[in-house]
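What follows is one structure encoded as structure tokens, with my remarks underneath.
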Amino acid sequence: MNENVKTPLAALQLGFAGAIPFFAGALACLPFIGSMHDLGLWLLLHYGAIILSFMGGVHWGAAMMRNDITLGSLGRSVLPSLLALPAVFLGGVVGLIILIMSFGLLLFYDEQETTAGRLPAWYPYLRRRLTMIVIACLMTGAFFS
């Protein structure tokens, strides 16, 4: 990690607090938990879709701040929501795989946008850590489904 890039404390705190429902969903999917599997799967799918949509909103807001209100910029920002919806509707392992791939692709896009100077330099450092947690939790849900 670059010593000159510091993630704001509030972003760290809120980001990791936002990962708690992913941990809860993954934990509930574990076989030794018992009858909580369906609730855990529901939580992973629905909360994952909400957060994926929220992450797209980051790009909508960034585009507005730089007055880049083109179809391309705004269109890319709604793509996460458009991927989250079928993930919820399809559900199960397929839905979790859609979310896993979407979070991974969004991280790649976040990296590109940061390199291009369109997102703050600290953002990918936070996103990498949180994306690893999110994907691990979603994979746990998929593996035990």
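Give me the distance between the Cα centres of segment 118-145 and segment 10-46, rounded to whole Å.
After rounding, the separation between the Cα centres reads 13 Å.
Please label the shape of segment 56-136 as rounded, prolate or oblate, based on the square roots a ≥ b ≥ c of the eigenvalues of the alpha-carbon gyration tensor (a/c under 1.5 means rounded; beyond that, a/b larger than b/c means prolate, else oblate).
oblate
Please tell me the relative contact order of the chain in percent, rounded to the nearest whole number, where contacts are Cα pairs under 8 Å and at least six residues apart.
Reported as a whole number, the value is 31 percent.
For residue 94 and residue 143 in the same chain, what is the full-extension length gain: residue separation times 0.36 nm, less their Cα-Cα distance, in nm?
Net length gain for the segment: 16.5 nm.
Please report, in debye to the nearest 20, how large the charge dipole of the chain is about its Cα centre when each Lys and Arg carries +1 at its beta carbon and each Asp and Glu carries -1 there.
Roughly 160 debye for the chain.
Run the quick spin-label model on residue 19 and residue 121: label points 7 Å from Cα toward the beta carbon, then report their separation in nm to one decimal.
Spacing of the two 7 Å Cα→Cβ label points: 2.4 nm.
Would you calculate, for the chain, the mean residue ellipticity at 222 nm contributed by helices, counting each DSSP H stretch of 4 or more residues as -39,500 (n - 2.57) and dividing by all residues, to the nearest 500?
Taken over the chain, the calculation gives -26500 deg cm²/dmol.
Return the FRET efficiency for the residue pair residue 50, residue 111: r is the Cβ-Cβ distance, R0 is 22 Å, and the value is rounded to the nearest 0.05.
Using R0 = 22 Å, I get an efficiency of 0.45.
For helix 92-115, report the angle its Cα long axis makes with the longest principal axis of the Cα atoms of the chain; keep it between 0 and 90° and round to the nearest 10°.
Around 20 degrees separate the two axes.
In the chain, with Lys and Arg counted as +1 and Asp and Glu as -1 at Cβ, which of these residues, 104, 23, 124, has the Cα nearest the positive end of the dipole, that is, farthest along it?
124
Cα gyration tensor of segment 1-63, axes a ≥ b ≥ c as square roots of the eigenvalues: rounded (a/c below 1.5), prolate (a/b > b/c) or oblate?
Since a/c reaches 1.5 but b/c is at least a/b, the shape of segment 1-63 is classed as oblate.
Values in this text are rule-based calculations from the coordinates and carry no lab data. All values derive from a computational prediction rather than experimental measurement. So basically every Cβ, Gly included, is an ideal-geometry build from the backbone, and we count neighbours across all protein chains shown.
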